Amino acid sequence: MADGFKYVRLYEDADGISHFEDVEVPLTDNGMASLLSETLTVTGLNFRRNRLDYNLDYHPAPRRQFIVNLSGAVEITASDGEARVFGPGSVMLVEDTTGKGHISKAVGTEERLSLFVHFPE
């Protein structure tokens, strides 16, 4: 079993430009044949379905939140120009809540289903 759980963080710098960062969450053996992270406090959850024509120009995230892709794919372009595709099973922490933000665009031939897990303000 791997030692950590990986996700991608999308954050903004002091100039309001967003960037990607690969993050690994430490996991510890919970004694029940699995590894577990520390508990995170969350405040809400949205279910989301994006159509195949989804294409949203630069925008900041409405809140700090994890986005968990269940099916379909999305291409996210940070305002520094780097683009990444997130498919089924991917997890992204979105923290670029001010500044220029990012672009979100549907890719592939399947509607995207995802969960938005909100953090406290």
- Query: What about VAL42, is it part of a loop (DSSP other than H, G, I, E, B), under 17 Å from SER114 (Cα atoms) and of a type in the set (A, V, I, L, M)?
  - Reply: yes
- the range 63-114 - residue that is closer than 16 Å to LEU40 by Cα and touching a residue at least 60 places away in the same chain (Cβ under 8 Å) and, of those, farthest from the chain's Cα centre (by Cα): GLU95
- Item | Residues being surrounded by fewer than 19 Cβ atoms within 10 Å (Cβ to Cβ) and not in a strand (DSSP E or B) - total across the range 91-108 | 6
- Residue in the range 63-75 that is assigned to a loop (DSSP other than H, G, I, E, B), out of contact with any helix residue (DSSP H, G or I) (no Cβ under 8 Å at 6 or more places or on another chain), at pLDDT 95 or above and exposed (fewer than 15 other Cβ atoms within 10 Å of the Cβ) present: no
- Item | Filter result (of a type in the set (A, V, I, L, M, F, W, C) and in contact (Cβ under 8 Å) with a residue 24 or more places away in the chain) within the range 28-57 | LEU35, LEU40, VAL42, LEU45, PHE47, LEU52, LEU56
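Here's the yes/no breakdown for (1) within 19 Å of the chain's Cα centre (by Cα); (2) surrounded by fewer than 11 Cβ atoms within 10 Å (Cβ to Cβ); (3) not basic (Lys, Arg):
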| position | (1), (2), (3) |
| --- | --- |
| ARG9 | yes, no, no |
| SER18 | yes, no, yes |
| SER34 | no, yes, yes |
| SER37 | yes, no, yes |
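The values are calculated or read from the model by the stated rules, or taken from the named source; none is laboratory data. Quick caveat: nothing in here was measured; it's all calculated off a predicted structure. As a convention, Cβ positions derive from the backbone with ideal geometry for all residues, glycine included, and neighbour counts pool all protein chains shown.
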